[in-house]
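Worksheet for the structure shown next.
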Amino acid sequence: MPSKFISLLAMKGDVKRLLGNIFSLAMLQLINYILPLILIPYLVIHIGINNVGVIATASALCIYFQMVSDYGFNLTATRDVAENRENHERLVEIFSAVFYIKVSFLFVCFFIFFLIIKNISIYSMSLDIYIYSYLIIVGQSLFPVWFFQGMENMKFITIINTATKIFGTILIFVMTKNSDDAFLVPLINGGASLLSCILGMIIAGRKFNMTVKLIKISVIQKYLIDGWHIFVSRVASTLYKNSNIVIMSMFSSPAVVGSYSICERVVRSVQMVQNVIGDAVFPFFNNKNKNDSDYIKRFFKKYGRKVFYFYISLTLIFILFTPVITNIFYHNQDISVIINFVIFSGVILFGGLNYFYGILGLVSIGKMKEFSKNVIIVGVINIVVCVILSITFSNYAGAISATLSEFLLLGLIMRSFYKAIKD
């Protein structure tokens, strides 16, 4: 009887911690997505849709380099921290290795980034916007969100990010008055990102006694090898999630890019729901699967259909409110913009199921190689499709290629997942 009571308390503690992390991540994602959405109508009026397009292109280009510096650690390092919470020496090793790798990659990436924006005319015309946008990447890459996720202690990063981003948003409203002030948007966001990073590192040090110590090259190599497959999948994922803006910027006007970027931002904000639940549940799934190899199989059998109904309902609701959404962000109900939103809404359904079966499914059961392979295939297809459509059908190129890519990826991932759990 006492042992059952203790087990019940432990289970309640796990559930309480999980729900707390989901709430913290919900607040964090809410801030990350809602604040830019609040800003968009203001920026369209004051700095113009062209500058919105330039800022969106700069952000999209920077994401390639953030992807390199992150190197899949948001999953692999989170997993390692979750599995070694009680081993302080190992935690310091993980913390140090990830820090050294990220800093090294950021330096190399900036050199390459500068060469690109300096020598390509469509980028060099707005050099200051691109340089300041890179500051955002530095702050986001070095912020130890993966550590707090692995420790399942998310309240600190929620407080830090909420405070700095609200402050940054207020500054943008106060200081940007016309098109000449466009550079202030990435500059202020970059400053807020760096401040968050510094505060996050301080809390990791004081609360969890984390330090950056000297470690052997062989240890760093081990973490690089361990994160390779997730890194490759992230590269491919970026090819179909992020390349569309960059590709469109080469064939379309900044206004078209700006219009598409707003559409993409709104849809990705709707996807916030899956990111909140998924990021909080991922360490929980890893711990459960470590002790019970059939846990994932039972979970997906029980909840798979319910998840499908949830995402299709979310998609239909989004389509229903599309005219209202376009009026809010574009100050009109242009039929081409509405069509773009309707096409892109497929990303909510297919992208949500991809996260469910891909990250929570394949990656949680250790099939990272299969996950990476599927994403690479789709990433290459997306680039080809987006280039062709940008030349011939520019207004809807990004929305069509993004939705098609998510649909193809879903088919590949589900095939791999059910094959894996069957074996």
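The values are calculated or read from the model by the stated rules, or taken from the named source; none is laboratory data. None of these values were measured; they are calculated from a predicted model. Don't worry about glycine lacking a Cβ; one is built from the backbone with ideal geometry, like all the others, and counts go over all protein chains shown.
Table: residues versus (1) closer than 16 Å to Val235 by Cβ; (2) charged (D, E, K, R).
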residue	(1), (2)
Ile365	no, no
Asn374	yes, no
Phe393	no, no
Tyr396	no, no
Glu406	no, yes
Met414	no, no
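Checking Phe318, Phe310 one by one, the residue that is among the aromatic types (Phe, Trp, Tyr) and either at pLDDT below 80 or under 25 Å from Leu43 (Cα atoms) (or both) is Phe318 and no other. The residue that is farthest from Thr238 (Cα to Cα), among those in the range 331-358 that are under 25 Å from the mean Cα position of the chain (by Cα), among the hydroxyl-bearing types (Ser, Thr, Tyr) and modelled with pLDDT under 90, is Tyr357. Within the range 129-165, if we keep just the residues that are β-branched (Val, Ile, Thr) and over 16 Å from Tyr33 (Cα atoms), the residue that is surrounded by the fewest Cβ atoms within 10 Å (Cβ to Cβ) turns out to be Ile131. In the range 143-154 there is at least one residue matching the filter, namely being under 19 Å from Leu106 (Cα atoms), in contact with a Cys (Cβ under 8 Å, 6 or more places away or on another chain) and not assigned by TED's automatic domain parsing to the domain that holds Val385.
Of the helices (runs of 4 or more DSSP H) entirely within the range 133-236, those holding at least 1 residues that are small (Gly, Ala, Ser) and touching a Lys or Arg at 6+ places or on another chain (Cβ under 8 Å) occupy 145-150, 184-208. Every condition in (1) farther than 15 Å from Gln221 by Cβ; (2) surrounded by fewer than 19 Cβ atoms within 10 Å (Cβ to Cβ); (3) modelled with pLDDT of 90 or more; (4) not polar (S, T, N, Q) holds for Glu86 except the one numbered (3). For the range 137-189, how many residues meet the condition of being of a type in the set (A, V, I, L, M), out of contact with any Ser or Thr (no Cβ under 9 Å at 6 or more places or on another chain) and touching a residue at least 60 places away in the same chain (Cβ under 8 Å)? Going through the range 137-189 one residue at a time, the tally reaches 3. Taking the listed residues Lys241, Lys290, the one that is at pLDDT below 75, surrounded by fewer than 16 Cβ atoms within 10 Å (Cβ to Cβ) and either in contact with a helix residue (DSSP H, G or I) (Cβ under 9 Å, 6 or more places away or on another chain) or among the aliphatic types (A, V, I, L, M) (or both) is Lys290, with no other qualifying.
Put simply, of Val342, Val380, Val387, Val347 the only residue that is closer than 24 Å to Ser313 by Cα, surrounded by fewer than 21 Cβ atoms within 10 Å (Cβ to Cβ) and touching a residue at least 12 places away in the same chain (Cβ under 8 Å) is Val342.
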